[in-house]
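Here, each number is a calculation from the coordinates, and none is a lab measurement. Remember, predicted model here, so these are calculated numbers, not experimental data. Using ideal geometry, Cβ is built from the backbone for each residue, glycine included, and neighbour counts are taken over all protein chains shown.
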Amino acid sequence: MAYLLDSNVLITAKRVHYGFDFCPGFWDWIVAEHRVGRVYSIERVYDELKDQQDDLAEWVKALPGTFFLSPDAATVPHFTAVSTWASSQNYRTPAINEFLQTADFHLVAQARQGGHAVVTYEVPGGSVNRVKIPDACLGLGLGSVLPHEMLRRERARFVLGVGV
């Protein structure tokens, strides 16, 4: 199974759990897993991150072009399916409109098109005021996991070297 990373995974990793300065293994693991076809994100996430003036922006700009998936003709029916799903739920109209304008909408559609699981720090909400990624994934029969669940499933290991 391949995973699509939400921007909040990378932002939170940098700020909290896996800073570049003390846990480079996390970032190396993402790149290594991408090389074998297991970890990606989407173009809209790249757009959210690339213009920041920080080390995360520099890191995303250095990733291979294949890391951030772009929508194509095969994705179009999935945009329609995700939009139809959101519109058929009990969300308020502003919540639906906001969702359809975000990277989250694109992330769910790309995950549906590719059969990927979405990795996000969002948790199901049950609110009519915001469409959350896990709710959309659940409603559309997709997987949604927290970052630590992905790391455990894939048996990621960040181990200090000998003598450190």
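Remarks
- Pairs of Cα atoms farther than 20 Å apart, region 3-153, %: 47
- Neighbourhood charge, 11 Å Cβ-Cβ cut-off, centred on residue 45 and excluding it, Lys, Arg +1 and Asp, Glu -1: -3
- Of the chymotrypsin sites (Phe, Trp or Tyr not before Pro) in region 1-68, those whose Cβ has at most 16 other Cβ within 10 Å and which sit in DSSP loop: 20, 22
- Residue 87-residue 66 pseudo-label distance in nm [points 7 Å out on the Cα-to-Cβ vector]: 3.6
- Candidate cross-link partners of residue 50 among the aspartates and glutamates, defined by an alpha-carbon separation under 15 Å and a same-chain spacing of 8 or more, comprise 6, 58.
- Debye log10 I(q)/I(0) at q = 0.11, 0.19, 0.22, 0.25 Å⁻¹ for region 20-100, Cα point scatterers: -0.45, -0.93, -1.03, -1.15
- Computed label-point distance, nm, for sites residue 73 and residue 15 using a 7 Å Cα→Cβ extension: 4.1
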